[in-house]
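Read-outs: derived from the displayed coordinates by stated rules, not from any lab. As the structure is a computational prediction, the values presented were derived from the model and not from experiment. Note that we place each Cβ from the backbone using ideal geometry, even for glycine, and neighbour counts take in every protein chain shown.
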Amino acid sequence: MPICCATSSTLGSKSLNYHVNHDNSVCRWQVTDIPIPVGIDLFSFDSSDEACMARTCLIAVLERFNASNFGPKFQFVDHPSHSAFFVRFGGDHSSYANAFFPGSHPKDWYIDLFRPSLTLSEDQEQSLRNTPSRGEDISAAKAQALEQNLVKILMHEMLHVVGVRHCDAQDTETMERCVRYPHDLSDDKNNEERLMERSLDWRIFSQLDWMNRTLQEIREIYAMKGGDFLGCHRIRDVSWEVGAKQRKEIALRNARCCIA
Ligand SMILES: [Zn+2]
């Protein structure tokens, strides 16, 4: 059964949907020489195995993102209090994950991974058992499948983090606006970015990847001048350092709670 991403937040497009903030602006990360630091709260996970897998997958996704060279760069940092945002286990929600958009409140800058993003569904496990070549080493096959699932989920969430909304946002997320890019595409232009569908089925995870067209469109948006307009929305750059002090205090408070 397909599981949804919980990140919602459209007057969008069937091309790239870019998030519009409540002040009517379109926000991007401010690009500087310093990559945006991304951490992980290892202690939020139920086991060290899960924490280690999430860390490995996050590093792999950030490296691939940087290699695509679209604008802002991200770097993995080990301590959450040093990060612009971090990945953590979000609990037993029924969806895969939840991310945020640039320009949202800094206290919300987390990628939450929920239980389905770290666990194989019954039907995926059954499928692995029924695959003859995998039957002899089912635990290795399970580990490989879990990593593939999580990499694809993080690839999806990282597009949210740079401002991209779901490909069907104009129909399903009408409470929050987005703007299409390029905005001169006709309405019947189909969005082929299946990775950004709100509901993702593990059966097609192996086929999903960032499309070159999507990366190019993000690159073009990040190449515009600050203050330019995307449709009727002014582009506003957001520094990752906004709210850094607040997030550091939260991270330290959580650390003290763990010690107590
Ligand atoms: Zn999503």
Residue by residue through the range 56-72, what is 3J(HN,Hα) from phi via Karplus (6.51 cos²θ - 1.76 cosθ + 1.60, θ = phi - 60°)? Round to whole Hz and write x for glycine and proline. 4, 5, 4, 4, 4, 5, 5, 4, 5, 4, 5, 5, 6, 6, 9, x, x
To the nearest Å, what is the center-to-center distance of the range 11-69 and the range 70-101, using C-alpha atoms only? 6
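Return Val87, Val38 ranked ascending by Cβ neighbour count within 10 Å, so the fewest neighbours appear first. Show your work: numbers first, answer last.
On the way: Val87 29, Val38 25.
Starting with the residue having the fewest Cβ neighbours, the order is Val38, Val87.
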Order by neighbour count: Arg165, Arg88, fewest other Cβ atoms within 10 Å first, most last. Arg88, Arg165
The answer for Phe76, listing residues at least 5 apart or on another chain whose modeled amide H is closer than 5 Å to its amide H, is Val38
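For the peptides 108-115, 18-25, 120-127, what is the packing order when you average, over each peptide's residues, the other Cβ atoms within 10 Å and list the highest mean first?
Values: 108-115: 20.9, 18-25: 18.6, 120-127: 14.0.
Order by mean packing, descending: 108-115, 18-25, 120-127.
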Quick one: net charge of Asp201's neighbours, Cβ under 12 Å, K/R +1, D/E -1? +2
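Neighbouring Cβ atoms within 10 Å as the yardstick, rank Arg203, Arg55 fewest first.
Values: Arg203 11, Arg55 17.
Neighbour counts put them in this order, fewest first: Arg203, Arg55.
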Output the antiparallel fraction of DSSP beta bridges having both residues in the range 3-259, as a percent to the nearest 5. 40
Given points 7 Å out from each Cα along the Cα-Cβ axis, report the Asn69 to Arg213 separation in nanometres with one decimal. 2.3
